[in-house]
1. Of everything in the range 54-68 that's surrounded by fewer than 23 Cβ atoms within 10 Å (Cβ to Cβ) and not charged (D, E, K, R), which residue is modelled with the lowest pLDDT?
2. What strands (runs of 3 or more DSSP E) completely inside the range 846-929 contain at least 2 residues that are of a type in the set (A, V, I, L, M, F, W, C) and under 30 Å from GLU763 (Cβ atoms)?
3. Only one of these conditions is not met by THR151: (1) at pLDDT below 90; (2) open to solvent by less than 60 Å² (accessible area, probe 1.4 Å). Which number is it?
4. From VAL213, VAL218, VAL251, which residue is touching a Phe, Trp or Tyr at 6+ places or on another chain (Cβ under 8 Å) and not aromatic (Phe, Trp, Tyr)?
5. Which of the residues belonging to the range 426-457 are more than 30 Å from LEU378 (Cα to Cα) and open to solvent by 30 Å² or more (accessible area, probe 1.4 Å)?
6. Determine if the range 873-882 includes at least one residue that is touching a strand residue (DSSP E or B) at 6+ places or on another chain (Cβ under 9 Å), surrounded by 20 or more Cβ atoms within 10 Å (Cβ to Cβ), more than 23 Å from ARG930 (Cβ to Cβ) and in contact (Cβ under 8 Å) with a residue 60 or more places away in the chain.
7. State which residue is most open to solvent (accessible area, probe 1.4 Å) when the search covers only the range 574-583 and only residues that are closer than 19 Å to THR916 by Cα and at pLDDT 85 or above.
8. What's the number of the only condition in (1) open to solvent by 50 Å² or more (accessible area, probe 1.4 Å); (2) under 30 Å from TRP73 (Cα atoms) that LEU246 fails to meet?
Amino acid sequence: MAENRNFTNGKASGGGSAYSINLDTFGKRLKMLYSHWNEHNDDLWGASEVLAIATPPPSEDLRYLKSSALNVWLVGYEFPDTIMIFMKKQIHFLCSQKKASLLEVVKKSAKEVMGAEVVMHVKAKSDDGTASMETIFKAVRAQSKSDGHDTPVVGYIAREVPEGNLLETWAEKLKNADFQLSDITNGFSDLFAVKDSDEITNVKKAAYLTSSVMKHFVVPKLEKVIDEEKKISHSSLMEDTEKVILEPAKVKVKLKAENIDICYPPIFQSGGGFDLKPSASSNDENLYYDSTSVIICAIGSRYNSYCSNVARTFLIDANAVQSKAYEVLLKAHEAAIGALKPGNKAGAAYQAAVSVVEKDAPEFVTNMTKSAGTGIGLEFRESGLSLNAKNDRVLKPGMVFNVSLGFQNLQAETKNPKTQNFSVLLSDTVIVNGTSPEVVTSVSSKAVKDVAYSFNEDEEEEEERPKVRSAANVSKAALPSKATLRSVNQEMSKEEQRRQHQAELARQKNEETARRLAGGGSGSMDNRGGVKPSGELIAYKSVNDLPPPRDLMIQVDQKREAILLPIYGSMVPFHVAMIKSVSSQQDTNRSCYIRIIFNVPGTAFNPHDTNSLKFQGSIYVKEVSFRSKDPRHISEVVQLIKTLRRQVTSRESEKAERATLVSQEKLQVAGAKFKPIRLSDLWIRPVFGGRGRKLTGTLEAHTNGFRYSTSRPDERVDVMFANIKHAFFQPAEREMITLLHFHLRNHIMVGNRKTKDVQFYVEVMDVVQTLGGGKRSAYDPDEVEEEQRERDRKNKINMDFQNFVNRVNELWGQPQFKSLDLEFDQPFRDLGFHGVPHKASAFIVPTSSCLVELIEQPFVVITLNEIEIVNLERVGLGQKNFDMTIVFKDFKRDVFRFDSIPSTSLDGIKEWLDTTDLKYYESRLNLNWRPILKTITDDPEKFIEDGGWEFLNMEASDSDSDNSQESDHGYEPSDAQSDSGSEEEDDDSASLVESEDDDEEESEEGSEEDEGKTWEELEREASKADREKGDESDSENERKRRQIKTFGKARVPDKRIPSGSLPKRPKFR
């Protein structure tokens, strides 16, 4: 570490450490030194004739010395245990042989630039350098006499205490010599104050590293510690942060580690013990982050010996005093930075900050730090550049400051002794430019929303609940802590959460269906209630409406149509309508990135542009990115966001969507200015007719559509962008083909076939059969080479398709296509399942907006927004397979059924349906849907009055039976139901259809295994109840409708049942 700090710019070469001095920089800066010395000799350099700079030996301690700074500034390296003497015509170096050899190269440059002769005095290890010192003194006296002075004036750095044998001997001899000594500290301070372009670059790199460590390591680290309620000491945080600074690759900063060091050990303070001085340190106490606590973090790094600094204050559930203190400090800090302009005095920055505090919070003035920072560069605190009220130094372009401002020892009105006393601090590295100051540590945000964390919102909600219970004479429970709330949430199983969500979906679905059947129009066909006006984008009316925080990960609140993003420890909500696009990408380190781009004011053809224009004075987030080591979670989040976004956007255009058929416009072929996007050697499905040999063709994206053509003039298909409803890209993974699939709004002709689905594909490997022989060895070189070729071919094809898709997506992102809302969708294989959509088994895969099967023909493309409900049939009974029936919002459209889905996929399908806000039901038998849908369409009012789709919900029917006062007394489930279920299931159908005699015997004997009355008994009792109400005139059709409703999840009665009995109503154990 010592060597790294002393030789920060060292460049390794080969096996050893080789250093080279940049002679151009040396010559330029040597000239600056002499020019400044001559120009300001009387006022800054103490009228000195000779400059004597003695650099002490290396030390493990972090320290900033003017002598070391001069070494780095002039020759690029620190030369410890070295004495430099600058005279008018000579430059003397007293050092070891190794250093002298390195400094030999400057002789020629010094002679050319200043006409000065460089004299080397080599000191042996056993030598104290006395003889060389005497030689140097003689040269000093000779120069003084030649200038007509009797006593030479020797300038030295008075504040630096001599260390080591060489420097102590030098200091002793210098004092005893007949020289007049003068302090030249101010001269070097002024010389180093204005940085050149190389120095500014070094400062910017150091600042970028510092702010990146704060943003990408310190903040996430604190958030994780607080969220998981871990115990960690300030000193441990300091050590972890220091390691990250010294290894910049950990925060994705591409700087060489050998050029980096810390400015000071990182500072972490909390729990009431605060010290805002730069000399503060991190103690061994644990980080304190309870309510109303304050955490101060300060870190600094050096690049090529140039310093940078940043400090941030984080507020945990801040009270009014703490919030006001930080807001005033932030405003004062910005005012101080704004005053750093060329021509202003250094004290103006502090005065600007004081003015803000005196105006907004005069009670805090006495607690302000005594300065607004200092100059920074090769030294962490450059003397003479303090931003205090007394400094009249004029600012110049190229100066760099560490603007550091704080309030010390403020008092908060809390009962906790660890939070009563608090301080706040902000620091940034700022460069004075010609026009406005440049904050080079702005990567780390200091905005209130990014540093103020709130963790007690759930507890506040919980405080209200015990009061309600108390009013109802229920015993009061202790308020749960954050950990308690988290554990309770975790104990709730996925099935419980799914059941609750499905119950809410059932209510919403019935309301939506009722509105639609009552003539509410297609605009109400969404599964979240009424249509919001396009200008209303309020996800949460108050903070209390936010869902309870879980882990700090991206959450999708589908009920509120909001995305909650973890930003600096807080879950920040964004309405999904403000999201322009979302994408994910996986890098080579198995990390996955998610990128979310938002709509901002002024975006052309933005559906909510008028809403955004109302708030143009606000600051908008344009883009956010997150990194995760869980690609599956990122994939799920992308799917959820895309799904929710499509649902919301489709609501805005649903009134006019497909009201009339869209006529096929004419393709506008790209001209010379626009080169079409092309993908070659593709096959098409459905295929062209004719008996000739099938040919591959080329797909081109033109101005307003695609054109696929082969070498035959009659084989051509145009697909207009406006006619595309869904576009899919499915790379080959376990399939033999990579494909692009277009599901169209209106039919087109492909050859002599009318179709709504057009697919273009390439076979990624040849289907061949090896003749002649036995098995080939797995280690056969030819076999290995062939497999490698197949992999390379598949990867190349997938990449070509991906590039085509990316370019087309960019084309669709142009303003003229915004209204089409087109984007290539990619199936999520992890959510896929096997089933039989037609005659053959296939792999069905969800996408963000559809459920598709694109390999086997006929293709399956089901738009999720068009689905009313999903009924999972033949579930349970120990069966290996079940069926999934999809009921569409258009009741005149036949249901779609996927048969023979493995039961192992049931939980995954339920989870997917639940996350996409699709209401599903379960039944033991397949339902005959045509008469059911006909009954609904014939008398929609009766359907709504009878509870809508809840006739499918067997669990709801069972649970409501005890509370019903009119007709449910005809069916009373036995308490022993769950115990007796296994005895009645001898085969797949025995438990579902039993004889009337058996039921009568069970009811007469009062068996504990009573399965409820038969449908015939229920019908008789219902008729009796009707007669009592005077409803004997019910028509046969009405009785049939009630009968269908009563059947629940059983099939419509089949007249061919020999015994004439009706199927028993199945129950779930």
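The values are calculated or read from the model by the stated rules, or taken from the named source; none is laboratory data. Everything quoted here is computed from the prediction, not taken from an experiment. Cβ coordinates were reconstructed from backbone atoms using ideal geometry, including for glycine residues, and neighbour counts include every protein chain displayed. Ligands, DNA and RNA are stripped out before the accessible areas are found, and what is left, the full protein with its side chains, is counted by its heavy atoms. Shrake-Rupley method; radii C 1.70, N 1.55, O 1.52, S 1.80 Å.
1. Looking at the filtered set, the residue picked out is LEU62.
2. Values: elements: 850-853, 860-863, 867-873, 881-888, 896-902, 920-922.
Correct list: 850-853, 860-863, 896-902.
3. It fails just one condition, (2).
4. Values: VAL213 fails: touching a Phe, Trp or Tyr at 6+ places or on another chain (Cβ under 8 Å); VAL218 fails: touching a Phe, Trp or Tyr at 6+ places or on another chain (Cβ under 8 Å).
From the options VAL213, VAL218, VAL251, the qualifying one is VAL251.
5. Of everything in the range 426-457, those that are more than 30 Å from LEU378 (Cα to Cα) and open to solvent by 30 Å² or more (accessible area, probe 1.4 Å) turn out to be VAL448, LYS449, ALA452, SER454, PHE455, ASN456, GLU457.
6. No, there is no match, as no residue in the range 873-882 is touching a strand residue (DSSP E or B) at 6+ places or on another chain (Cβ under 9 Å), surrounded by 20 or more Cβ atoms within 10 Å (Cβ to Cβ), more than 23 Å from ARG930 (Cβ to Cβ) and in contact (Cβ under 8 Å) with a residue 60 or more places away in the chain.
7. Start the filter on the range 574-583 by keeping residues that are closer than 19 Å to THR916 by Cα, which leaves 574-577, 579, 581-583.
Adding the requirement that they be at pLDDT 85 or above leaves 574-575, 579, 581-583.
On the way: PHE574: 35, HIS575: 13, ILE579: 4, SER581: 37, VAL582: 7, SER583: 57 Å².
Of everything passing the filter in the range 574-583, SER583 is most open to solvent (accessible area, probe 1.4 Å).
8. For LEU246, the exception is condition (1).
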